[in-house]
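The values are calculated or read from the model by the stated rules, or taken from the named source; none is laboratory data. Not measured: the values here are computed from a predicted model. Note that we place each Cβ from the backbone using ideal geometry, even for glycine, and neighbour counts take in every protein chain shown. Please note that ligands, DNA and RNA were not included when accessible areas were found on the heavy atoms of the full protein model with its side chains. Shrake-Rupley method; radii C 1.70, N 1.55, O 1.52, S 1.80 Å.
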Amino acid sequence: MEEKLDIITIGEGLIELSSNQELSLAPSFNKFYGGDALTTAIAAQKMGSKVGFISRVGCDYFKEFLMDSWQAEGIDISQVKLTEDCNGLYLLARLKNGKKEFSYYRKKTAAAKLSIEDLSEKYFENANYFYTSGTVQSLSLSTRETVKKAFKLAKEKSLTTAYDPNFSSLLVSQNEAKEFFEEINENIDILFLNDKNDMINIFDIDSIEKTIKACWDLGINIIIVRSSKNNGYYTGYAGDIVFQPFIEREVVDLTGSGDAFNGGYLHALSSGFTPFSATKFAAIVAAVQIKELGAIKSLPNKKEVYEEYEKIK
């Protein structure tokens with residue numbers, strides 16, 4: 001792709017099969033696609049950024065569905081390689097009591113075979129920001145090495161780098177999450193955390209202010225902490241910590257709201273917003289996204305978010 005990209009991401013594309021009934025009782029499922037880094041990429045694309053996605057897709061029955069869908073979203077998929085492996089999938093039940101049931105099938109999939117051979121120096125030279133997550137590292141030893149190499153390559157090519165540990169005990173242990181972070185922290189410019197899982201499990205700190213200061217000491221420039229305890233976002237930058245309350249909306253589905261926020265934030269920052277105003281913009285993206293079902297299907301459009309931002313900035 002010759003056109004300059006604002007953001008490139010590495011991630012997995014998963015088939016999403018969802019139901020509003022318990023998984024054991026559901027007679028049928030709705031088909032879509034998901035993945036945390038992919039959700040971030042599409043969120044940024046919908047806001048107006050030019051975004052590239054690095055991944056592998058298996059040549060199974062879902063190949064055309066995934067590739068055609070991402071291309072229709074406007075994502076550059078020139079760095080998505082086709083393999084003979086299967087694609088990953090997850091089953092999701094959104095129940096009336098607000099609870100969810102998840103079941104992942106993501107090991108030994110096409111995306112789990114990502115390797116450092118999938119990283120093009122020229123592709124990184126043609127972009128401004130790079131983003132991925134701990135979820136991608138958790139797929140396999142190969143993806144873990146690929147993420148490590150990608151951060152080094154991004155810094156060599158002067159990209160601004162961003163990372164979300166996205167810790168989940170369903171996917172990794174606390175020690176693994178710490179190792180993932182330690183392997184790349186010297187090459188991180190922007191760090192997304194939440195106080196419920198990431199902060200405690202990676203830093204062993206329950207104070208947001210102390211966590212942000214610890215990250216500054218590591219050389220990370222911008223830290224955003226999503227606080228479910230305090231209902232808002234803390235942005236730490238250049239010695240200042242600024243709080244942005246959640247923008248109140250009726251919550252229908254929180255799936256992927258953090259990933260949607262990340263995409264909105266990276267778009268805003270790459271578009272010239274300050275680190276603090278970018279948080280306000282991204283908060284709108286996340287607030288609108290939670291009003292509907294699904295991580296990607298519910299992502300808002302550019303016009304809707306910018307109009308609301310103009311009203312509250």
Item to check | Single match in VAL172, VAL136, VAL147 (criterion: modelled with pLDDT under 95 and among the β-branched types (Val, Ile, Thr)) | outcome: VAL172
Item to check | Looking only at segment 160-186, and only at residues there that are open to solvent by 20 Å² or more (accessible area, probe 1.4 Å) and touching a strand residue (DSSP E or B) at 6+ places or on another chain (Cβ under 6 Å), the one that is nearest to SER227 (Cα to Cα) | outcome: ASN166
Item to check | Residue satisfying condition, being over 20 Å from ALA37 (Cβ atoms) and touching a helix residue (DSSP H, G or I) at 6+ places or on another chain (Cβ under 6 Å), within set GLY232, GLY236 | outcome: GLY236
Checklist entry - Do you know which residues across segment 216-230 are more than 11 Å from ILE241 (Cβ to Cβ) and part of a helix (DSSP H, G or I)? => result ASP217
Checklist entry - What number goes with the only condition from (1) open to solvent by less than 60 Å² (accessible area, probe 1.4 Å); (2) under 18 Å from the mean Cα position of the chain (by Cα); (3) not acidic (Asp, Glu) that MET67 does not pass? => result (2)
Checklist entry - Taking segment 19-43, which residues are outside any loop (DSSP other than H, G, I, E, B), at pLDDT below 95 and of a type in the set (A, V, I, L, M, F, W, C)? => result PHE32
Checklist outcome for this item: By residue number, the members of segment 190-214 that are closer than 13 Å to ASP164 by Cβ and not in a loop (DSSP other than H, G, I, E, B) are ILE190, LEU191, PHE192, LEU193, ASN194, ASP198, MET199, ILE202
Next on the checklist: Among the residues in segment 290-303, are any more than 24 Å from ALA162 (Cα to Cα), assigned to a helix (DSSP H, G or I) and open to solvent by 10 Å² or more (accessible area, probe 1.4 Å)?
Outcome noted: yes
Checklist entry - Yes or no: TYR233 open to solvent by 40 Å² or more (accessible area, probe 1.4 Å), among the aromatic types (Phe, Trp, Tyr) and either free of Cβ contacts under 8 Å to residues at least 40 places away in the same chain or not in a loop (DSSP other than H, G, I, E, B) (or both)? => result no
Checklist entry - Quick one: is LEU114 at pLDDT below 95 and surrounded by 15 or more Cβ atoms within 10 Å (Cβ to Cβ)? => result no
Checklist outcome for this item: Scanning segment 44-53 for residues that are among the polar types (S, T, N, Q) and either in a helix (DSSP H, G or I) or at positive phi (or both) gives GLN45
Checklist entry - Any residue in segment 242-258 that is closer than 30 Å to PHE29 by Cα and in a helix (DSSP H, G or I)? => result yes
Checklist outcome for this item: For segment 169-178, the count of residues that are touching a helix residue (DSSP H, G or I) at 6+ places or on another chain (Cβ under 9 Å) and outside any loop (DSSP other than H, G, I, E, B) equals 4
Checklist outcome for this item: Going through segment 74-99 in order, the residues found to be out of contact with any Gly (no Cβ under 8 Å at 6 or more places or on another chain), buried (at least 17 other Cβ atoms within 10 Å of the Cβ) and of a type in the set (D, E, K, R) are ARG94
Checklist entry - In segment 236-258, what count of residues is obtained for those that are open to solvent by 10 Å² or more (accessible area, probe 1.4 Å), at pLDDT below 95 and of a type in the set (Asp, Glu)? => result 2
Checklist entry - Quick one: which strands (runs of 3 or more DSSP E) sit completely within segment 54-166 and have at least 2 residues that are closer than 30 Å to GLU22 by Cβ and either touching a residue at least 60 places away in the same chain (Cβ under 8 Å) or out of contact with any helix residue (DSSP H, G or I) (no Cβ under 9 Å at 6 or more places or on another chain) (or both)? => result 89-94, 100-105
Item to check | Conditions (1) farther than 21 Å from ASN166 by Cα; (2) open to solvent by less than 10 Å² (accessible area, probe 1.4 Å); (3) not hydroxyl-bearing (Ser, Thr, Tyr); number of the one not met by GLN137 | outcome: (1)
